[in-house]
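The values are calculated or read from the model by the stated rules, or taken from the named source; none is laboratory data. Because the structure is predicted, anything quoted here is derived from the model rather than measured. Reconstructed Cβ throughout: ideal geometry from the backbone, glycine too, with neighbour counts over all protein chains shown. Protein only, heavy atoms only, side chains kept; ligands, DNA and RNA dropped before computing areas. Shrake-Rupley method; radii C 1.70, N 1.55, O 1.52, S 1.80 Å.
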Amino acid sequence: MAAISVPLLTLRSPQTNRPFPSFFNLNRPFSTSLSSNCSFNHLTVSNSSTFSNQAITETTTSDYSTINVQNDDALDTTLFVIRAKNRIGLLQIITRVFKVLGLTIQKAIVEFEGEFFVKKFFVSDSNGKKIEKTEHLEKIQKALMEAIDTGGVSPSVAVVSGRGVVVRKAGLNLGERKAKAEKMFGLMDVFLKNDAVSLQKDILDHVEFTVARSRFNFDDFEAYQALAHSVRDRLIERWHDTHQYFKKKDPKRLYFLSLEFLMGRSLTNSVINLGIQDQYADALSQLGFDYEVLAEQEGDAALGNGGLARLAACQMDSLATLDYPAWGYGLRYQYGLFRQIIVDGFQHEQPDFWLNFGNPWEIERVHVSYPVKFYGTVEEEVLNGKTCRVWIPAESVEAVAYDNPIPGYGTRNAINLRLWAAKPSDQYDMESYTTGDYINAIVNRQKAETISNVLYPDDRSYQGKELRLKQQYFFVSASLQDIIRRFKDLHNNFDEFPEKVALQINDTHPSIAIAEVMRVLVDEEHLDWSKAWGIACKIFSVTIHAVQPEALEKVPIDLLGSVLPRHLEIIYEINYCLMEELKKILGQDYDKLSRMSIIEEGAVKCIRMANLSLACCHTVNGVSRLHLETLKTRVFKDFYELWPQKFQFKTNGVTQRRWIVVSNPSLCSIISKWLGTEAWIRNVDLIAGLREYAEDPDLHAEWKNMKKVNKMRLAEYIETLTSVKVSLDAMFDVQIKRIHEYKRQLLNILGIIHRYDCIKNMDESDKRRVVPRVCIIGGKAAPGYEVAKKIIKLCHVVADKVNIDPDVGDLLKVVFIPDYNVSVAELVIPGTDLSQHLSTAGHEASGTGCMKFLMNGSLLLATADGSAVEIAEEIGAANMFLFGAKVDEVPALREKGTSLKGSLQFARVVRMVRDGHFGFKDYFKSLCDTVEEGKDFYLLGSDFASYLEAQAAADRAFVDQEKWTQMSILSTAGSGKFSSDRTIEEYAEQSWGIEPCKCPF
């Protein structure tokens, strides 16, 4: 029998459909530890020559299988004696293992002992000799153990579902269906291929059978849909294998709870992480399609807003890439935030129907659904002689899972983002049924679906607050039911729960999860209170994103008691225990007790969700070093003094795979070329190696060309969007983020007005020395935020005047980019020369936007706020433009009130707006009032002179292009610390206690 060599990447275990583990490569290092779920098999080893006995206890129980290896000197071959229960196809499975390993079976003898057989295989290596090396013999034994292991397959069971349909439980019956199983595994024995022909066939099959279009007549969007489904097929392979491997290894898992995930487009990120972008581009080109054109057909998944949501997306990418066993949980919003439409310079909001054309990246799991309850009453029952509180809900909604595979880069691991959609419950509306009110029954069902309809319902009304609370509990309840179900699949003792589960609360929105865990453990699992609380305190950690105490979430007690009556009782009990503990420490300090209480007294009695989190969570994380100081000294000062060990910080990060590899492929190529490796994509610390080439003229030439190409793309986008033509020689000066007073877009616009005013008053000789600027602003204002909307309008009226002024020409252009989102950012950030981050010091928790610009070589003009302080330490303050008051100076400046005078330049530009120089005099009056003396809370006037000095320093640096390019290179080289990979590694080690669990290729 000839030896057969099969590529490792095409192999799957015939029993589990998992890829054969890495020990199938005889030349790889090997560990002798046995997998826990193989422990019921028995391995006996005897060897009289080179293979010594292993420390494994022999058993004589007839129910166990054995593998005995003999390498006697008298034998010319190695003898494997296998004793196992007979079943159809096992002989072929064993012989296949030998073939896969390139071994030759010289002779085989089969004997039977009742229901067992004894098979003797005389085996030689590819050279016809005995297998001498101990490590090779160990690996062969492990491979055989994996092949004969049937412990992971459960018999099929017919059951009746809640809908009265007979279904078959997952698993294969190894009796009557064994032959079918052999056939099935044979058909699934290889992974999907990634050569051009295979990719083309898959795409065209999806055109015809998924999109249901003729393969001879389909457009770019239909081609994109087919392309996306073919990529998803490959994601699902990795996704299935990863979760089977997690189940087999049973590691401690992280569950990341976040109400927002701003994922952006999935296509390019997925094919890059899968390592098949070039193959797809070639395959599509041969079909007459352009990969880049098809990629543009994808819309953004509208599942979040701002930095918190984008941070969650980056962290999911890093969790997958670093092989951590993790799940993300969130809500599948039907409409997302809103689409920003600009009409005559005013923002208008339109629903973002992002799901109108389907989402090929999600997998609807109709069989994964959980009931979520609301309202009702709480009653007492006696159970086993003990009085218990029982929640009797009045309303039920079904949570249906939609799974989104998240692939890692440079690994086989693909983890899961599970999003919940609200659907009507199967339960009959008995009151409507008995009264014949069919229409009312339908209306009530439709109301259920509104829970997951829209991101951030307007919570200025009671109805809005109620919907927001229902959203939070809906997503938390479904997620915890799923988590506990998965835990119970493998464990039956909740003492093990903290060893297998870590729950991360992303900001305080999911904090109701603490009360829900207590309800489940006490009311449903019947644990005593102290034991349940001990478990809860071990599994929860929280990241706080707020900077001001007034920004922390509160829920009116009346509202919580109506929607979740049992949870209110539980929170009162938690607070009682907390107060009793604090009284022992603080005595009669009622002011401090009142501040630390979960219950806030007042005209409207509320639950402080942040205090609930702090009372329970074992770790409270800030998102930058400066933010931690804010939490310790101002926001949670009392808690920090009591529990300083709880407080940590992990500076936020962004993933270089999205923000360099995907969004800036030219820069990616340059970095890989000069570092001589692509390893930095996974180990971003290597990017610091660019520092030694920062003065190299060849690198400078490539760098400037890369930047020019990116600016050209951005200029074309601006012209298409706004009809404004901009010069590529100008400095592209960008501020893109949510429009908010503390982010100080108004300071930027007033600076633009000052620049415009100066140019207008220059003679021609002075104008020749002006550095031309293209000032780009983008961002959304919250629908009810009138000041932010006026800032957007002011930007437009200034642009209208500046852009057509012949005295200014190309020296200054102003552009507002509407409907800013992740995809727009991927275009804008690579083309940016100068990036502005202007928050009043002490108001930005971290600021991941500046990290994206930093990675792309943009120079930063920033206040010493959030992560900008740490960025300055990494790249050197000389390589950025810092300005404005420091955090410790802000309180004193505010105390000055009306005595705090702004500069004359500031007074002049505000007066220009107030006097109607740009029109809309009455409309902007209230906006100007916000920066008048004594009302300038965000210190625009105080910081204006410093801001202009920083702008002048940027102008001077830009004139010297060699200096500017060197600063740009050093910015990228210093960005490694601000990768989300580093952030996740710190969380894993310091907060979650999880370790990598890498699925073998």
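Computed quantities for the displayed model
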| item | result |
| --- | --- |
| Any chance Lys583 is over 17 Å from Arg519 (Cβ atoms), of a type in the set (D, E, K, R) and touching a Pro at 6+ places or on another chain (Cβ under 8 Å) | no |
| In segment 97-129, the residues that are over 47 Å from the mean Cα position of the chain (by Cα), farther than 12 Å from Phe80 by Cβ and open to solvent by 30 Å² or more (accessible area, probe 1.4 Å) | Val110, Glu111, Phe112, Glu113, Gly114, Glu115, Asp125, Ser126, Asn127, Gly128, Lys129 |
| Residue list for segment 536-569, filter: farther than 29 Å from Gly866 by Cα, free of Cβ contacts under 8 Å to residues at least 60 places away in the same chain and in contact with a Lys or Arg (Cβ under 7 Å, 6 or more places away or on another chain) | Ile557 |
| Meets criteria (modelled with pLDDT of 95 or more and on the phi > 0 side of the Ramachandran plot) for Gly934 | no |
| Residue match in segment 412-433 (condition: without any contact (Cβ under 8 Å) to a residue 60 or more places away in the chain, in a loop (DSSP other than H, G, I, E, B) and open to solvent by 40 Å² or more (accessible area, probe 1.4 Å)) | yes |
| Per-region count, segment 948-976, residues touching a residue at least 12 places away in the same chain (Cβ under 8 Å) and outside any helix (DSSP H, G or I) | 2 |
| Contacts under 9 angstrom Cβ, first residue in segment 222-234 being more than 13 Å from Ala281 (Cβ to Cβ), partner of a type in the set (Phe, Trp, Tyr) and surrounded by 22 or more Cβ atoms within 10 Å (Cβ to Cβ), 6 or more apart | Ala228/Trp361; Ser230/Tyr280; Arg232/Trp361 |
| Hey, Ile571 assigned by the TED database to the domain that holds Glu641, more than 30 Å from Thr840 (Cβ to Cβ) and open to solvent by less than 10 Å² (accessible area, probe 1.4 Å) or not | yes |
| Enumeration of residues in segment 544-564 that are open to solvent by 20 Å² or more (accessible area, probe 1.4 Å) and in a helix (DSSP H, G or I) | Pro549, Glu550, Ala551, Asp558, Gly561, Ser562 |
| Residues within segment 718-744 that are of a type outside the set (D, E, K, R) and over 28 Å from the mean Cα position of the chain (by Cα), tallied | 12 |
| All positions within segment 753-783 that are charged (D, E, K, R), open to solvent by 10 Å² or more (accessible area, probe 1.4 Å) and either outside any helix (DSSP H, G or I) or in contact with a His (Cβ under 7 Å, 6 or more places away or on another chain) (or both) | Asp763, Arg768, Arg769, Lys780 |
| Residue in segment 448-456 that is part of a loop (DSSP other than H, G, I, E, B), more than 21 Å from Lys423 (Cβ to Cβ) and open to solvent by 40 Å² or more (accessible area, probe 1.4 Å) present | yes |
| Single match in Asp960, Asp929 (criterion: within 17 Å of Leu834 (Cβ to Cβ), surrounded by fewer than 21 Cβ atoms within 10 Å (Cβ to Cβ) and not β-branched (Val, Ile, Thr)) | Asp960 |
| Selection from segment 733-752 of residues that are more than 22 Å from Ser823 (Cα to Cα), crowded, with 24+ Cβ neighbours inside 10 Å and of a type in the set (D, E, K, R) | Arg744 |
| Qualifying residue in segment 365-386 (condition: β-branched (Val, Ile, Thr), without any contact (Cβ under 8 Å) to a residue 24 or more places away in the chain and either open to solvent by 20 Å² or more (accessible area, probe 1.4 Å) or assigned to a strand (DSSP E or B) (or both)) | yes |
| Selected residue (only one of Phe494, Phe540 is touching a Cys at 6+ places or on another chain (Cβ under 6 Å) and either crowded, with 18+ Cβ neighbours inside 10 Å or at pLDDT 95 or above (or both)) | Phe540 |
| Only listed residue being crowded, with 18+ Cβ neighbours inside 10 Å and assigned to a strand (DSSP E or B), chosen from Gln340, Gln334 | Gln340 |
| Every residue from segment 866-877 that is of a type in the set (Gly, Ala, Ser), assigned to a helix (DSSP H, G or I) and touching a residue at least 24 places away in the same chain (Cβ under 8 Å) | Ala868 |
| Residues that are in a helix (DSSP H, G or I) and surrounded by 14 or more Cβ atoms within 10 Å (Cβ to Cβ), drawn from segment 578-596 | Leu578, Met579, Leu582, Leu586, Lys592, Leu593, Arg595, Met596 |
| Residue ID - farthest from His567 (Cα to Cα), chosen from residues in segment 343-358 that are open to solvent by 20 Å² or more (accessible area, probe 1.4 Å) and modelled with pLDDT of 95 or more | Asp344 |
| Checking Lys193 against (1) at pLDDT below 95; (2) part of a helix (DSSP H, G or I), the condition it does not meet | (2) |
| Test: residue in segment 201-214 that is modelled with pLDDT under 55, of a type in the set (A, V, I, L, M, F, W, C) and in contact with a Lys or Arg (Cβ under 6 Å, 6 or more places away or on another chain) | no |
| Complete set of residues in segment 795-820 that are assigned to a helix (DSSP H, G or I), among the hydrophobic types (A, V, I, L, M, F, W, C) and under 16 Å from Gln340 (Cα atoms) | Cys795 |
| Residues of segment 379-415 satisfying the condition of being under 30 Å from Phe246 (Cβ atoms) and in contact with a Gly (Cβ under 7 Å, 6 or more places away or on another chain) | Ala414 |
| Pairs where the first residue, in segment 747-769, is under 17 Å from Asp915 (Cβ atoms) and the second is open to solvent by 40 Å² or more (accessible area, probe 1.4 Å), C-beta under 6 Å, 6+ apart | His754/Gln905; Lys760/Asp807 |
| Pick from segment 784-800, criterion surrounded by fewer than 16 Cβ atoms within 10 Å (Cβ to Cβ) and among the charged types (D, E, K, R), ranking: farthest from Phe920 (Cα to Cα) | Glu786 |
| Ser613 being at pLDDT 95 or above, over 26 Å from the mean Cα position of the chain (by Cα) and not acidic (Asp, Glu) | no |
